[in-house]
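The values are calculated or read from the model by the stated rules, or taken from the named source; none is laboratory data. Since the structure is predicted, the reported quantities are computational estimates derived from the model, not experimental observations. Using ideal geometry, Cβ is built from the backbone for each residue, glycine included, and neighbour counts are taken over all protein chains shown. For accessibility, only protein heavy atoms count, side chains too; no ligands or nucleic acids. Shrake-Rupley method; radii C 1.70, N 1.55, O 1.52, S 1.80 Å.
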Amino acid sequence: FNRLRIRVGGSLQDQVLYDVGNLKSPCHPFQKMKDGLFGFSKGCLHMERWDELNRFFKETSAMVTFGLNALHGRHKIKRSLWGGDWDSSNAQDFMKYTISKGYQIDSWEFGNELSGNGIGAHVHADQYGKDLVNLRKIINELYKGLQSKPSLIAPGGFYDEEWFVKLLQTSGFGVIDVMSHHMYNLGAGVDPKLVSKILNPDHLNKAAYTFGNLTHIIRRHGPWTSAWVGESGGAYNSGGAHVSNTFVNSFWYLDQLGMASKYHTKVYCRQTLIGGNYGLLNATTFVPNPDYYRQELEI
């Protein structure tokens, strides 16, 4: 477990503010809001909480991938489409604080599920690529002269061939280190046929289309990058009760770890350490579920 990786991010990360630097807004926690993204308002991360998390990371020797607030400064244009440049100032202050405290970040990931048509929100690939060029410059400047420099990961969303190609073309050579994508090939967690899907090789093999296509576009348009599965829990919406947290879920998981390896995936991050039915730990007792000991592939 000395290569344990923890990805900090998810559905609400794109509207998180960091309580550091010249933040002009009050630092309030997320609150339920009917018209908000995923039903929540913007939220704020206090640096005291960030300090606590980093003590945990240090004690567990975890490698950290942190997802930045890629919607900050943008505005909604229509339906789920957001436009305008990313406001990098708050994230830059947060990164400066992180460096000043000596916290080790293995990789900064830009955004969560904003690719293609998005989940809740999306941003056009050319705009996303432009913002990544800006973020790469920030990382290079802040980490100049330091022993190690974190990788830049994007987009942390569901695979869309046209969008992913456009992102690589717009951002250009050497900007992105990793193309990360999310996979939930079992469908909704409430599906009564969930166990049948897990035990059906033909259904599991359908994921090869995504793995194969992403490998192809990386070779053709971005050979300087590598592929990661940045999030996968099998069944979305917290997985299936009495299925995702039991031994039968191991069949899906092992199959996909093998498939990921076959298609040159370098890291596979499982959703989630704790929370939902697909958590690796029981949310009440913290006792490991059957999948815990197969928690990450890294080659």
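Within the range 1-25, if we keep just the residues that are open to solvent by less than 90 Å² (accessible area, probe 1.4 Å) and over 16 Å from the mean Cα position of the chain (by Cα), the residue that is nearest to ASN69 (Cα to Cα) turns out to be LEU17. So is LEU167 assigned to a loop (DSSP other than H, G, I, E, B), under 17 Å from the mean Cα position of the chain (by Cα) and closer than 22 Å to PHE211 by Cβ or not? Criteria not met by LEU167.
Take GLY118 and decide whether it is touching a Phe, Trp or Tyr at 6+ places or on another chain (Cβ under 9 Å), part of a loop (DSSP other than H, G, I, E, B), modelled with pLDDT of 95 or more and not acidic (Asp, Glu).
yes
Can GLY276 be described as open to solvent by 30 Å² or more (accessible area, probe 1.4 Å) and either among the hydrophobic types (A, V, I, L, M, F, W, C) or assigned to a helix (DSSP H, G or I) (or both)?
Numbers: open to solvent by 30 Å² or more (accessible area, probe 1.4 Å): yes; either among the hydrophobic types (A, V, I, L, M, F, W, C) or assigned to a helix (DSSP H, G or I) (or both): no.
So GLY276 does not fit the description; no.
The numbered conditions (1) part of a loop (DSSP other than H, G, I, E, B); (2) in contact with a Leu (Cβ under 7 Å, 6 or more places away or on another chain); (3) at pLDDT 95 or above are all true for SER25 except (3).
Based on this model, can you work out whether ILE77 counts as modelled with pLDDT of 95 or more, open to solvent by 40 Å² or more (accessible area, probe 1.4 Å), among the hydrophobic types (A, V, I, L, M, F, W, C) and more than 19 Å from ILE274 (Cβ to Cβ)?
Values: modelled with pLDDT of 95 or more: yes; open to solvent by 40 Å² or more (accessible area, probe 1.4 Å): yes; among the hydrophobic types (A, V, I, L, M, F, W, C): yes; more than 19 Å from ILE274 (Cβ to Cβ): yes.
So ILE77 passes the test.
Given the options PHE30, PHE57, name the one that is open to solvent by 20 Å² or more (accessible area, probe 1.4 Å) and closer than 21 Å to ILE274 by Cα.
Working: PHE57 fails: open to solvent by 20 Å² or more (accessible area, probe 1.4 Å).
Sole residue among the options that is open to solvent by 20 Å² or more (accessible area, probe 1.4 Å) and closer than 21 Å to ILE274 by Cα: PHE30.
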